[in-house]
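What follows is a short report on a single structure.
The values are calculated or read from the model by the stated rules, or taken from the named source; none is laboratory data. On a predicted model such as this, the values are computed, not experimentally measured, just so you know. Note that each Cβ is placed from the backbone with ideal geometry, even for glycine, and that neighbours are counted across all protein chains shown. All accessible areas refer to the heavy atoms of the entire protein, side chains included, with ligands and DNA or RNA removed. Shrake-Rupley method; radii C 1.70, N 1.55, O 1.52, S 1.80 Å.
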Amino acid sequence: MASEPIIATVGGEGPLLVIHGGAGRRLHEMSPAQRAETDAVLGRALAAGYELLAAGESAEAAVIAAIHVMEDAPCFNCGRGAALTLDGTAELDACLMLGDGRTGAACGLTTARHPIDVARAVMERTPHVLFSEPAPELLDEWGIEQVENDYFVTPARAAALEEWKALHAIGADRPETRHGTVGAVARDACGRIAAGTSTGGITGQVPGRVGDSPLCGVGTYANETSVAVSCTGTGETFIRDVAAHQVHARVALGGQTPGEAASAMLAGIDAHGGNGGVIVVPASGAGVIGRTDGAQMNWGWASAAGRETHE
């Protein structure tokens, strides 16, 4: 029997930024040092994004600034410190969507230091929505900073892959680790909303696998009539449940509050064997942070009313 999701409302009217650094069941508890590092990065990400909102910049700019900080932090599963595929390489995915419907996404990235920048380039520089493995030459044309793939590989992620392989070899259940996908949703002083999500996938995934994060309406969604949403968790379940768009539809068509919509979506994820979390910023009113019961989630929020982080 599915348990009730855990839902909290944060912030209020006016500019608002909500971020997450992943949610899921942890194979290992974080050490005090890891907790401190995670909290510090969440704080820096909030500061980078909310300072832009406070200065009158756009929700899009705030989302990108916050995600940049987390993509550079090895404690999260995106950019440097991404989960590794079965072949020991990093394949990165990202999506950016604005409330007016403009969207860009990319998957299978292996050299882009900031995957969210590729998503923005797709949105701004092409008539398309989603690119798979864009060539380095194209990334250069778009002005994307590129690095060698081993830049993303950290000792901790390499060790996690070896542990995964060892358990897999003896037929043990696939370990469930804390999903470190990152996301940000924001509302600016003009009432515009935006959502972004960036990820390295899951440890031991078969090369070429794509999860929910770069899929518009699944891991990421924004609609100026309702909400901006970023999800994190068991990607395949979020895909089957069309999770992010479901939150929008429950608000726009079903008349539910953002909290009710997030709770109903997460209850479905839990009932279908998945776990994870969601952050939501509506076109007006308080934001929402939610997770399935039993999942742990890194998150933070900032508004004129204050700011908070939790790891």
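Under 10 Å, Cα contacts only: if you run a Gaussian network model on the chain, which one of LEU46, LEU215, LEU161 comes out with the highest mean-square fluctuation?
Highest fluctuation of the listed residues: LEU161.
In terms of the ratio Rg/(2.2 N^0.38 Å) built on C-alpha atoms, what value belongs to the chain?
Cα-based Rg divided by the globular estimate yields 0.90.
Could you compute the FRET efficiency for ILE6 and GLU51, with r as their C-beta to C-beta distance and R0 at 30 Å, rounded to 0.05?
That pair, ILE6 with GLU51, gives E of 0.55.
With a ≥ b ≥ c taken as the square roots of the eigenvalues of the C-alpha gyration tensor of region 19-93, please select rounded if a/c is under 1.5 and otherwise prolate if a/b is larger than b/c or oblate if it is not?
Verdict is oblate for region 19-93.
Defining a contact as two alpha carbons under 8 Å apart and six or more residues distant in sequence, what relative contact order in percent does the chain show?
30
Averaging sequence separations of C-alpha pairs under 8 Å and six or more residues apart, then dividing by the length of region 122-265, give the relative contact order as a whole percent.
Across region 122-265, relative contact order equals 15 percent.
How much length would be gained if the chain were fully extended between ALA158 and ARG240, taking 0.36 nm per residue of separation minus their Cα-Cα distance, in nm to one decimal?
26.6 nm
What are the residues whose amide H is under 5 Å from the amide H of PHE131, where those residues sit 5 or more places off or on another chain and H is modelled from the backbone?
Residues meeting the amide H criterion: ALA105, ALA106, CYS107.
In vacuo Debye scattering of region 141-266, one point per C-alpha: log10 I(q)/I(0) at q = 0.14, 0.18, 0.22 Å⁻¹?
These q points yield log10 I(q)/I(0) values of -0.74, -1.01, -1.24.
Taking the chain as a Gaussian network, where each spring joins two C-alpha atoms under 10 Å apart, which residue of ILE144, ILE170, ILE269 fluctuates the most?
Largest GNM mean-square fluctuation: ILE170.
Give me the distance between the Cα centres of region 61-94 and region 208-248, rounded to whole Å.
18
How many percent of Cα pairs in region 224-311 exceed 20 Å?
31
Which of LEU16, LEU253, LEU139 moves most in a GNM of the chain, Cα contacts under 10 Å?
Of LEU16, LEU253, LEU139, the Gaussian network model singles out LEU253 as fluctuating most.
Just the accessible area per residue of the chain, please: how many Å² with a 1.4 Å probe?
38
Add -39500 (n - 2.57) for each DSSP H run of 4 or more in the chain, then divide by its residues: what number comes out at 222 nm, to the nearest 500 deg cm²/dmol?
When only DSSP H runs of four or more count, the value is -10000 deg cm²/dmol.
Classify region 67-127: rounded, prolate or oblate, from the alpha-carbon gyration tensor (a ≥ b ≥ c, eigenvalue square roots; a/c under 1.5 rounded; otherwise prolate if a/b is larger than b/c)?
Prolate.
Where nothing but the Cβ of Lys and Arg (+1) and of Asp and Glu (-1) is charged, how large is the charge dipole of region 81-129 around its Cα centre, in debye to the nearest 20?
Using Cβ point charges on Lys, Arg, Asp and Glu, region 81-129 gives about 160 debye.
Carbon and sulfur atoms: what percent of the 1.4 Å accessible area of the chain do they account for?
Carbon and sulfur: 52 percent of the exposed surface of the chain.
In whole Hz, with x marking every Gly and Pro, tabulate ³J(HN,Hα) for region 58-75 from phi via Karplus 6.51 cos²θ - 1.76 cosθ + 1.60, θ = phi - 60°.
With coefficients 6.51, -1.76 and 1.60, one gets 7, 4, 4, 4, 5, 4, 5, 4, 5, 5, 3, 4, 6, 5, 8, 9, x, 6 Hz.
Sort region 252-297 into rounded, prolate or oblate with this rule: let a ≥ b ≥ c be the square roots of the eigenvalues of the Cα gyration tensor; rounded if a/c is under 1.5, and if a/c is not under 1.5, prolate when a/b is larger than b/c, oblate otherwise.
oblate
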